[in-house]
Each structure stands twice: as structure tokens, then as C-alpha cells.
């Protein structure tokens with residue numbers, strides 16, 4: 001991984017505003033019992049016969065997980081079109097090889113001790129450096145890259161979006177079950193990954209590219225990292241792509257939710273950039289205050305309350321989406337971004353299914369069926385979720 005800071009700055013200076021890349025992580029499952037299966041290497045090798053698919057899949061720590069990537073889209077619509085094509089290819093290949101795919105933030109009952117780390121140089125380094133923290137991280141996420149021109153501007157966008165991260169987390173919460181039981185959390189994934197990995201979660205506000213570069217330089221000099229991707233912040237300027245990468249969200253069960261959430265993230269990044277360009281006033285809040293909302297999102301999701309950090313007042317977490325939609329309305333209109341999400345997110349729906357008497361296995365089977373129907377077919381039932 002190139003850690004040349006001059007090269008990284010040049011990538012941002014040459015970047016194009018509001019290009020989009022989407023990355024979705026899926027669990028690899030046995031078709032009948034739906035337990036995790038170590039089949040990544042099998043699917044990767046089989047994908048070699050499809051150059052498009054081979055270029056769009058990636059490993060993600062454990063052999064029972066696979067990532068599908070859109071690549072760079074010149075706009076959101078282009079990224080979604082590419083991602084739908086890549087999904088269809090992946091789901092078809094998985095079905096041919098006797099593998100099902102799941103899309104929740106955690107697997108509800110798999111034993112992390114039975115999972116295998118994939119054998120790449122990067123993940124060998126991750127396992128060697130983190131041990132139990134890496135072994136325990138059997139989680140699945142949605143990541144969205146948005147092009148931002150200018151290195152200083154990209155860092156300032158990350159700074160401005162720090163208070164937004166807990167709202168996105170509450171909206172996307174989709175992992176209440178873990179280790180065969182209700183965790184009591186709405187996003188157990190965040191507790192396992194974001195609260196355990198080093199250099200993860202809500203970053204400090206850096207204020208400039210130079211301050212961020214100084215931080216990365218410090219990590220390199222002290223041999224804390226050897227690759228840029230060992231900086232796991234929930235939002236980060238990505239050195240290779242010249243993008244702001246938002247990494248806070250759980251994987252979404254349905255294709256249309258994943259796309260709507262990605263559209264919301266693009267809108268937030270673009271609106272933050274527009275606000276910077278227009279000189280809209282902004283105060284960098286202490287990380288300790290933002291973390292209060294992160295915890296509330298982890299524990300209660302959309303069922304709880306969040307803190308309006310500017311006013312010091314509580315508001316219903318269910319209002320998080322409307323707040324972000326109101327703020328981002330100008331840029332959503334400019335870019336033609338539609339955001340249609342359900343009234344209840346994945347964690348809420350899973351709990352309601354369990355409360356109605358479904359066993360964890362029955363709940364997960366229903367979710368896997370939804371994932372297959374919506375991701376593999378590449379359709380978006382906006383009317384089903386319209387608010």
C-alpha cells in the first residue's frame with residue numbers, strides 16, 4: 001500500500017467531485033442450515049472465468065465473507081448500475097457453487113472461533129497485529145466512496161461529517177443478534193468492530209491535510225502501521241482513490257435499502273463539501289460528545305433518543321433521517337438523489353419478527369430470502385419503502 005503522502009495529496013487534487021463507489025460485504029452461507037462456510041477462495045477462483053466479476057470481488061478478513069465493489073461511477077446512478085450488474089454475477093456464481101449469501105451486520109449464531117482468516121499479506125498482518133480483536137470481527141458492512149476534489153477540502157468534509165456518523169449508524173443498524181442470542185444492542189457489529197479496532201470509530205477533527213498527513217507520518221515513523229488501510233476510522237480520506245470513504249453503516253438486508261442508504265451518504269458528503277465552499281459556519285465538536293451519540297445508536301438504534309449536540313437537547317432517533325434529508329435537500333436536488341428508506345430499519349424488523357414468535361433461524365432464513373430476491377434481481381421497490 002502506497003503511503004507516499006505527496007502522491008496521496010496529488011490523488012485528491014486530481015479527483016472529481018461526487019464520483020461514487022459502493023462496497024457491500026456478504027456472509028457466505030451453507031444453503032440449508034445457513035451457517036457460515038469458508039468458501040471465499042472457491043468463489044474467487046471460480047470468478048476468474050468472468051473478468052468483470054473477478055475485478056469486482058475482494059476478500060474481507062475471513063474466508064466466510066466476500067465483498068462486491070462497483071468501482072468508480074461518474075455519478076451515483078452509474079455506480080448503482082455497475083453494482084447491480086456485479087451483484088447479479090456474484091449471486092449467480094454463488095448459487096452455481098452451492099453457496100447462499102447473507103446481508104446483516106453480524107451472523108446471528110456463527111462461532112467466531114471456527115472462522116478462518118484469508119491468506120493474504122494484508123490480512124496476515126491484521127491477524128498478527130490484532131489477534132483476538134481480528135478473530136472476533138466477523139462483521140459485514142456497507143462502505144461508500146465519494147470523490148472530493150482537493151486534499152484540504154476532503155479532510156474538512158470528514159471533519160464536518162463527524163457529528164453525522166451516529167445518525168447514519170442509527171438509521172443503518174442491522175445487527176441485533178449475535179452468538180445465538182439477542183445482544184440487547186441494535187448494532188452489535190459496531191461494538192465488535194468499531195469499538196475494538198485501533199484507529200477506528202469517530203476520528204479527531206484535523207482541520208487540514210497537513211495535520212492529517214502529520215498524523216499518518218507519526219503512525220509510520222512509530223511503526224504503528226505499514227498500510228494506509230490500517231487506519232480504520234468510520235470516515236476517512238482514501239489515499240488511493242481521492243475519495244471520502246464513509247464506513248459507519250451495517251450491511252443492509254435488501255438491495256433497495258443498501259442503495260437508498262448509499263444515496264443518503266453521497267448526499268451528506270456532497271452537502272458538507274457545498275457547505276465548505278459556501279463558507280457555512282461550523283464548529284468542530286469534541287469527540288467525546290459525538291461518542292455519546294455513537295453509543296446511543298449502538299444500544300438503541302432508531303428506538304432511542306439522540307442528542308442535538310449544538311443545542312444540548314434530546315430528540316427521537318427516529319427523526320435522524322428527516323434531519324439529514326432536510327439538511328441535504330439542496331444537493332440532493334442538484335444531483336438527483338432519491339432516498340426512500342423504510343420506517344423501521346433492519347434491527348427493528350428483526351426484533352419484531354422474533355417478538356412475533358419466529359426463532360432466530362427462521363428470522364435469518366427470511367432475511368436471506370429477502371437478500372437473494374432484492375440483490376440478485378437488481379430491482380428497487382421504492383414504492384414499498386416510500387416515506
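Read the figures in this text as sums done on the coordinates, not as results from a lab. The structure displayed is predicted, hence computed values, not measured ones.
In plain terms, the C-alpha convex hull of the range 228-387 casts an average shadow of 11.7 nm² when viewed from every direction.
Among 69, 332, 288, whose mean-square fluctuation peaks in a Gaussian network model of the chain (Cα, cutoff 10 Å)? Judging by the Gaussian network model, the answer is 288.
Springs between Cα atoms under 10 Å define the GNM used for the chain, and in it the highest mean-square fluctuation of 71, 98, 318 occurs at 98.
How high is the relative contact order of the range 168-216, given as a whole-number percent (alpha carbon pairs under 8 Å, six or more residues apart)? It would help to have the intermediate numbers written out before the result.
On the way: 23 pairs, mean separation 9.9, N = 49.
Worked out over the range 168-216, it gives 20 percent.
Taking a ≥ b ≥ c as the square roots of the eigenvalues of the Cα gyration tensor of the range 67-168, is the shape rounded (a/c under 1.5), prolate (a/b larger than b/c) or oblate? Intermediate values should be presented prior to the final figure.
Working: a/c = 1.97, a/b = 1.23, b/c = 1.60.
Oblate, because a/c is 1.5 or more while a/b does not exceed b/c.
Could you tell me which of rounded, prolate or oblate describes the range 1-115, using a ≥ b ≥ c as the square roots of the eigenvalues of the alpha-carbon gyration tensor, with rounded for a/c under 1.5 and, failing that, prolate when a/b is larger than b/c and oblate otherwise? In terms of gyration-tensor shape, prolate. Across q = 0.13 Å⁻¹, the chain modelled as identical point scatterers on its alpha-carbon atoms has Debye log10 I(q)/I(0) values of -1.08, in the order of the q list. Bridges between two residues of the chain, per DSSP, are antiparallel at a rate of about 90%.
Could you compute Rg(Cα) / (2.2 N^0.38 Å) for the range 193-309, with N its residue count?
Values: Rg = 15.8 Å, N = 117, 2.2 N^0.38 = 13.4 Å.
Relative to the rule-of-thumb radius for its length, the range 193-309 sits at 1.17.
For the range 119-231, the calculated P(r), taken from all Cα-Cα distances in 10 Å bins from zero up to the bin holding the longest distance, is 11, 36, 36, 16, 1 percent. Look at the alpha carbon pairs under 8 Å that are at least 6 residues apart: their mean separation over the length of the chain gives a relative contact order of 22 percent. When you restrict to C-alpha pairs under 8 Å that are six or more residues apart and normalise by the size of the range 147-237, the relative contact order lands at 38 percent.
Using a Gaussian network model of the chain with C-alpha springs under 10 Å, which one of 64, 208, 175 is most mobile by mean-square fluctuation? Residue with maximal mean-square fluctuation among 64, 208, 175: 208. Calculated mean residue ellipticity, 222 nm, the chain: -14000 deg cm²/dmol, from DSSP H runs (n ≥ 4) at -39500 (n - 2.57) each, averaged per residue and rounded to 500.
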